[in-house]
Amino acid sequence: MGQVIAVANQKGGVGKTTTAVNLSACLAASGKKTLLVDLDPQGNAGSGLGIDKNALENTLYDALVNETPMAECVIDTPVAKLRMVPSNKDLVGAEVELVDVERREYRLREALESVRGDYPYIIIDCPPSLSLLTVNGLAAADGVLVTLQCEYYALEGLSELLQTIILVRDNLNKPLKLQGVLLTMYQHTNLSKQVVADVRSHLGDKVFQTIIPRNVTLSEAPSFGQPVIHYDPKSPGAVAYVALARELISRG
């Protein structure tokens, strides 16, 4: 069965979607057939791969609410070996429509069962909130990859997210583990260095060795509908995400 990894942080602007898109693309480039699931109603993961959010026949909303088979919601991307389940603003309604549905926290998990065996890696881009959609992502995952911006309040937000992961594990998904913490938007400043040191001292080997730098190319690539390894494969951001994919694979 494929490994399901939720990329999560309840805070926006910390490199979560950037990581989901570029990690997925790098895993695919390494030869691993990968499925990217866009669980964020903003649909930015699709935009980052050049997918037109307004020209979709089926989206994740259909799988979660209308019980459309997941295979009918999967689309090709411009990246070889990378497919995705896209989303758009329709997914906002899923939170309301699922409120009274039995086993609502497991809708994504159950929807993925039919395709899970087709992909060594399934990457879920969770929304930037601790919502029912995020809970669905955590309940469906084997592990959580937390993106953590190298800034002053990073550790404060991290403790809240780790507590949520523990709650989901204890109540909904016993095998759920912390896949790792990925430090993002690193700059060569004393503050960034201190955040790295603090996080490593608290979490040890749960912190990825790979650190994602603050890099203008990572910001530009989505506007061209390309992962950074296609947009500028020699850029520091591309090199870092290739290294992350290798590290993830080596961790098993």
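Can you tell me which residues in segment 2-17 are charged (D, E, K, R) and either crowded, with 24+ Cβ neighbours inside 10 Å or farther than 18 Å from Ile212 by Cβ (or both)?
Matches in segment 2-17: Lys16 only.
Restricting to segment 179-191, name every residue that is surrounded by fewer than 17 Cβ atoms within 10 Å (Cβ to Cβ) and either of a type in the set (Asp, Glu) or in contact (Cβ under 8 Å) with a residue 24 or more places away in the chain (or both).
Gln187, Leu191
Quick grid of which residues meet (1) exposed (fewer than 15 other Cβ atoms within 10 Å of the Cβ); (2) of a type in the set (Asp, Glu); (3) closer than 21 Å to Gln187 by Cβ; (4) out of contact with any Pro (no Cβ under 7 Å at 6 or more places or on another chain):
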site: Thr210; (1), (2), (3), (4): no, no, yes, yes
site: Val216; (1), (2), (3), (4): yes, no, yes, yes
site: Gln226; (1), (2), (3), (4): no, no, no, yes
site: Leu248; (1), (2), (3), (4): no, no, no, yes
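(1) at pLDDT 95 or above; (2) surrounded by fewer than 17 Cβ atoms within 10 Å (Cβ to Cβ); (3) charged (D, E, K, R): which one isn't true of Asp125, the others all being true?
Just one mismatch for Asp125, condition (2).
What pairs can you find where one residue is in segment 89-109 and closer than 23 Å to Lys53 by Cα, the other is among the aliphatic types (A, V, I, L, M) and not in a helix (DSSP H, G or I), and their Cβ atoms are less than 8 Å apart, with a gap of 6+ or different chains?
Pairs found: Leu91/Leu39; Arg107/Leu98; Arg107/Val101; Leu108/Val37; Leu108/Leu39; Leu108/Ile124.
Of the residues Thr59, Thr19, only one is within 13 Å of the chain's Cα centre (by Cα) and within 28 Å of Arg104 (Cα to Cα); which?
The conditions single out Thr19.
Look at Ala20 and say whether it is within 23 Å of Glu247 (Cβ to Cβ), of a type in the set (A, V, I, L, M), at pLDDT 95 or above and surrounded by fewer than 24 Cβ atoms within 10 Å (Cβ to Cβ).
no
Go through (1) under 16 Å from Gln179 (Cβ atoms); (2) part of a helix (DSSP H, G or I); (3) of a type outside the set (Gly, Ala, Ser); (4) under 9 Å from the mean Cα position of the chain (by Cα) and name the single condition Ile5 misses.
The single condition Ile5 does not satisfy is (2).
Is it the case that Val37 is under 22 Å from Ala221 (Cβ atoms), over 16 Å from the mean Cα position of the chain (by Cα), surrounded by 18 or more Cβ atoms within 10 Å (Cβ to Cβ) and not aromatic (Phe, Trp, Tyr)?
no
Could you pull out the residue among Val65, Val85, Val135 that is over 18 Å from the mean Cα position of the chain (by Cα) and within 17 Å of Asp40 (Cα to Cα)?
Being over 18 Å from the mean Cα position of the chain (by Cα) and within 17 Å of Asp40 (Cα to Cα) holds for just one of Val65, Val85, Val135, which is Val65.
Within segment 20-40, can one find any residue that is assigned to a loop (DSSP other than H, G, I, E, B), under 28 Å from Tyr186 (Cα atoms) and acidic (Asp, Glu)?
Within segment 20-40, one or more residues are assigned to a loop (DSSP other than H, G, I, E, B), under 28 Å from Tyr186 (Cα atoms) and acidic (Asp, Glu).
The values are calculated or read from the model by the stated rules, or taken from the named source; none is laboratory data. Just so we're clear, the structure is a prediction, and the values are computed from it rather than from any experiment. FYI the Cβ positions are ideal-geometry reconstructions off the backbone, even for glycines, and counts take in every protein chain you see.
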